[in-house]
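In what follows, a single structure is set out as C-alpha cells and then discussed.
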Amino acid sequence: MSLAVEQTGAPRQLPMGRLLVYGTVGLIALALLFAPFLFPDVRSQEVAARICVFIVLAASFDLLIGYTGIVSFAHTMFFGLGAYGTAIALKQFGASFTSIALGGGAGVLAALVLAALIGLLSLRVKAIFFAMVTLAAASVMLVLASQLSEFTGGEDGLTYSIPRLFSPATELIADAEGKAVKLFGVALNGKIALYYFVFSSSLALFAVMLRIVASPLGRVLKAIRENEMRAEAIGYRVVGYRTAVFCIAAVIAALAGILRAVWLKYTGPEVALSFDIMIDILLIVVIGGMGTMWGAVIGVVLMTLASYYLKDLMALGAEATASIPLLPDLLNPDRWLLWLGVGFILLVYFFPSGLVGTLMDRDARAGK
Amino acid sequence: MSSAASLTSEHLGISFGGHKAVDDVSCAFHAGELTVVVGPNGAGKTTWFNLISGQLTPTTGRILLGDREITRLSPSARAKAGIGRAFQLTNLFPRLTVLENVRLAVQAREGQGPRLFVKASALSHLTDEAMSYLEAARLGAVAHLPAAALPHGDQRKLEVALLLAMEPKIFMFDEPTAGMSLDEAPVILELIGEIKKDTSRTVLLVEHKMDVVRALADRIVVLHNGQLVADGAPADVMKLELVREIYLGTGAEEVA
Ligand SMILES: Nc1ncnc2c1ncn2[C@@H]1O[C@H](COP(=O)(O)OP(=O)(O)OP(=O)(O)O)[C@@H](O)[C@H]1O
Ligand SMILES: [Mg+2]
C-alpha cells in the first residue's frame, strides 16, 4: 500500500526515455519521407530504400522473437520467396505491374503455405527444435535457389527491368520542353516514383504491425512469450496463436521481399536469401530492443548507416590523425568490422534490453 | 448431493518411470460443494490436479465434465469448457502488469483473443472487468506494477484473481495460501468463501491449514501415495488415524 502513496506523492517525472525514442523515430520518419530531396545522390537513395524495406523485415521478425518468443532462422527465406517470385515473373513475363502482382503474389502465397506447414508441424515442439527446423528449411531454400539456376539465375541471381513508370527516364510531370519538372532541384522522374512506392508500402506494412501489437492478439502474443503454460491454462490455444503469428510475419517478410526486388532490379542469394541477412536482422532487433517495434526502426538505421558509412568515416579519421602514431592504423577502413563489433559489444553492455527497451524501462523504473 | 456430478475422475492414473504418482483415483464432485484435498507431501495432489486441468495426460482412466468426456482435451479447451485452475507455484506473466495479467484472463473468457484489427485499449469493458477482480483480491492499488515486482503474498492473490477472472464452473485451488503471512491469508479465504456461496460452482481446494479446512470444507478427500484412501464428511475424515498423522506433521515418514 505504501507503494501507491509514494507513486502519487512523487512529482511526476518527464518520461525522457520515451521522448528520446519517439523524437528519434520522428526524425527518421521525416528523413525518409523527404529522402529524395534531402539526399539526392544515388548511394543515399539506395540507403534510404534499404532502410525502409529492412524496417519492415526487422519489425516482422520482432513480432516473432520479441513479442511471441519464437526463435526462427527462416525469416530471410520468406523474404527471399517474395523477392524471387517477383524477380522470376518480371524476367519471364516482362516488366509490368501484372508481373509484379502475379509473381509477388505467388511468392507471398508460397511463404504463407510454408509457414503454416512449418508452424503446425513443429510449433508444438521445444523452441530449440523449432529453431533447428527453420534453419533446415532455410538451408534447403538456399540450395534450391542455387540449383534451379534456370529460373533463379543460381549464384549470379537475376537482373531484370521494372515497369516504365519506375524508370529514371520517365518524367512524372513534364515541362514545356518535355523534361521532368524539378522540385528543390530534384527532377521528378520515375526513380522518385519508385522510391515513394517503396516508402509508402513500407509505411503501410509497418502501420499494420503497429496495429497488430496493439490489438487483443498482440496481448496474447506477449502472454505466450511471458508464460506459455499459463496462457494455455487460461484458455488460449498457444499452438494456434503461434502458427498464426508465424504466418503473419512470413507474409509481411515476403511483401518486403517484393519491394526489395522491385527497387534493386536484381535478385540473388546475397541480397534476398543469405544467412548474412538473417544475422543482420537478428542483430538489428537485439540492438534496437526486442518486443518494441520502434527498436526495429532505430536498429535498422544504425546498422545500415554503419555498414554504408563507417568505412568513409574511418577513412576521414585516419587522414585527420595521419601525423599521430598508431591511430591512423586503428582507423584504417579495412578494420571497420572490428569497430562495428566493438560498437555492438558496448551497445549490448550499456543497453541490455536494446536501445529502445532500455530507455523505456528506465522511465518505468523512474515511476512513470 | 444427489444431483448429477459436475466433475468426475474415473480410475485416473499416471506413472512417471514406473512410479505411480496418481493411482486409480475415482471420485465425483458436485456443484455447490467445496472439497478439500489433503495428503502428505508427494501424495500426488498437484499431479491429480494437473490431470484434471490438462497439463498432464493420464495413462489410465477418464475425466468427465458433466457428461462430457474431456480426457484428451488441451488445457485451453478445458479452460473454455469451464475448468479453472490456480497453481501451487506462482505461475504468472511476470513482466506484464498486474492489470494486464487479469485482463488476459477476461479477454480469453470473452473470446476476444484472435481479434487483430481492434485496438485493445478501445475494449475498455475488459479493463473495467479486470479491475473489479483486482479490487476483490485487494490488488487495485498495485494494478500498474509488473507482476514480478509484487511481494509473494500479493502474487498469491494475483494467482487467485486470475482464476476468478476466468469465471469457471470448476474452481481448483492448489494451496492458495502457501507461504502467505497470517494477516494476508484471510483475504484469500474470504474470496473462496464468496465463491462457495454460488451453488452452481464446484470448488476443489488443496490445503494443509487445519482452521481453513474446518471453516470451508463440505467434504474431505485424502490422497496417500497416489491413492484415494478416504473420502467423506469433514468430521468423519478428521477422526481417521492417517489424517491425524498428516495434520500433526508426522505423516511424511513414508517414502514409497
Ligand atoms: N513431471 C514429473 N515427473 C516425475 N515425477 C513427478 C512429476 N510430477 C510429479 N512427480 C512425482 O509425483 C509425486 C507426486 O507429486 P505431487 O507434486 O503431485 O505431490 P503433492 O501431493 O502435490 O505434494 P506437495 O504437498 O508437496 O505439493 C512425487 O513423488 C513427485 O516427485
Ligand atoms: Mg502439490
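The values are calculated or read from the model by the stated rules, or taken from the named source; none is laboratory data. Small disclaimer: the values here were computed from a predicted structure and weren't measured. Because the Cβ atoms are built from the backbone with ideal geometry, glycine has one as well, and the counts that use them run over all protein chains shown. Ligands, DNA and RNA are stripped out before the accessible areas are found, and what is left, the full protein with its side chains, is counted by its heavy atoms. Shrake-Rupley method; radii C 1.70, N 1.55, O 1.52, S 1.80 Å.
Any residue that is over 29 Å from B:Val229 (Cβ atoms), within 19 Å of the chain's Cα centre (by Cα) and in the same structural domain as B:Ala161 (by TED's automatic domain parsing) - is there at least one of those in segment B:113-121? No: segment B:113-121 contains no residue that is over 29 Å from B:Val229 (Cβ atoms), within 19 Å of the chain's Cα centre (by Cα) and in the same structural domain as B:Ala161 (by TED's automatic domain parsing).
Can B:Ala108 be described as more than 7 Å from every other protein chain (Cβ to nearest Cβ) and without any contact (Cβ under 8 Å) to a residue 60 or more places away in the chain? I'd like the intermediate steps shown before the answer.
Numbers: more than 7 Å from every other protein chain (Cβ to nearest Cβ): no; without any contact (Cβ under 8 Å) to a residue 60 or more places away in the chain: yes.
In short, no.
Looking only at segment B:94-130, residues that are closer than 22 Å to A:Met209 by Cα, of a type in the set (A, V, I, L, M) and in contact with a Lys or Arg (Cβ under 7 Å, 6 or more places away or on another chain) come to 3 in all.
The set of residues in segment B:182-192 being away from chain A (no Cβ under 14 Å) and surrounded by fewer than 14 Cβ atoms within 10 Å (Cβ to Cβ) consists of B:Leu182, B:Pro186, B:Glu190. Scanning segment A:94-109 for residues that are free of Cβ contacts under 8 Å to residues at least 40 places away in the same chain, open to solvent by 40 Å² or more (accessible area, probe 1.4 Å) and of a type outside the set (S, T, N, Q) yields A:Ala101, A:Leu102, A:Ala106, A:Leu109.
Here is a yes/no grid of residues against (1) part of a helix (DSSP H, G or I); (2) touching a residue at least 40 places away in the same chain (Cβ under 8 Å); (3) surrounded by 20 or more Cβ atoms within 10 Å (Cβ to Cβ):
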| site | (1), (2), (3) |
| --- | --- |
| A:Gly257 | yes, yes, yes |
| A:Leu283 | yes, yes, no |
| A:Pro328 | yes, no, no |
| A:Arg335 | yes, no, no |
| A:Trp339 | yes, no, no |
| A:Leu347 | yes, yes, no |
| A:Gly357 | yes, yes, yes |
| A:Asp361 | yes, yes, no |
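Is segment B:219-229 home to any residue that is surrounded by 14 or more Cβ atoms within 10 Å (Cβ to Cβ), away from chain A (no Cβ under 14 Å) and more than 16 Å from ligand 1 (Cβ to nearest atom)?
Within segment B:219-229, the subset surrounded by 14 or more Cβ atoms within 10 Å (Cβ to Cβ) is B:219-229.
Now narrow it down to the ones that are away from chain A (no Cβ under 14 Å): B:219-229.
Right, trim to more than 16 Å from ligand 1 (Cβ to nearest atom) and you get B:219.
Yes, segment B:219-229 has at least one match.
Only residues that are in a loop (DSSP other than H, G, I, E, B) and within 16 Å of ligand 2 (Cβ to nearest atom) were counted in segment B:202-230, giving 5.
Yes/no per residue for (1) under 23 Å from A:Val220 (Cα atoms); (2) open to solvent by 60 Å² or more (accessible area, probe 1.4 Å); (3) under 16 Å from the mean Cα position of the chain (by Cα):
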| residue | (1), (2), (3) |
| --- | --- |
| A:Arg242 | yes, no, no |
| A:Ala250 | yes, no, yes |
| A:Met278 | no, no, yes |
| A:Ile287 | no, no, yes |
| A:Gly295 | yes, no, yes |
| A:Leu302 | no, yes, yes |
| A:Ser323 | no, yes, no |
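Can we say B:Ser6 is in contact (Cβ under 8 Å) with a residue 24 or more places away in the chain and either of a type in the set (Lys, Arg) or within 16 Å of ligand 2 (Cβ to nearest atom) (or both)? In short, no.
Residue-by-condition table, conditions (1) closer than 16 Å to B:Leu89 by Cα; (2) more than 16 Å from ligand 2 (Cβ to nearest atom); (3) not polar (S, T, N, Q); (4) not assigned by TED's automatic domain parsing to the domain that holds B:Ala137:
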site: B:His152; (1), (2), (3), (4): yes, yes, yes, no
site: B:Gln155; (1), (2), (3), (4): yes, yes, no, no
site: B:Leu158; (1), (2), (3), (4): yes, yes, yes, no
site: B:Leu162; (1), (2), (3), (4): yes, yes, yes, no
site: B:Glu175; (1), (2), (3), (4): yes, no, yes, yes
site: B:Gly179; (1), (2), (3), (4): yes, no, yes, yes
site: B:Leu182; (1), (2), (3), (4): no, yes, yes, yes
site: B:Ile195; (1), (2), (3), (4): no, yes, yes, yes
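Across segment B:14-38, the number of residues qualifying as within 12 Å of ligand 1 (Cβ to nearest atom) and either among the aliphatic types (A, V, I, L, M) or in contact with a strand residue (DSSP E or B) (Cβ under 8 Å, 6 or more places away or on another chain) (or both) comes to 9.
Scan segment B:39-70 for residues that are more than 9 Å from ligand 1 (Cβ to nearest atom), surrounded by 15 or more Cβ atoms within 10 Å (Cβ to Cβ) and β-branched (Val, Ile, Thr) and the total you get is 4. Here is the figure for segment B:149-173: residues that are within 16 Å of ligand 1 (Cβ to nearest atom) and within 12 Å of chain A (Cβ to nearest Cβ) total 2. Identify the residue in segment B:31-86 that is touching a helix residue (DSSP H, G or I) at 6+ places or on another chain (Cβ under 7 Å), more than 27 Å from B:Val106 (Cβ to Cβ) and within 13 Å of ligand 2 (Cβ to nearest atom) and, among all such residues, is nearest to the other protein chains (Cβ to nearest Cβ). Among those residues, the one meeting the criterion is B:Val37. For segment B:174-206, a residue qualifies if it is within 15 Å of the chain's Cα centre (by Cα), within 16 Å of ligand 1 (Cβ to nearest atom) and among the hydrophobic types (A, V, I, L, M, F, W, C), and the qualifying residues are B:Ala178, B:Leu204, B:Leu205, B:Val206.
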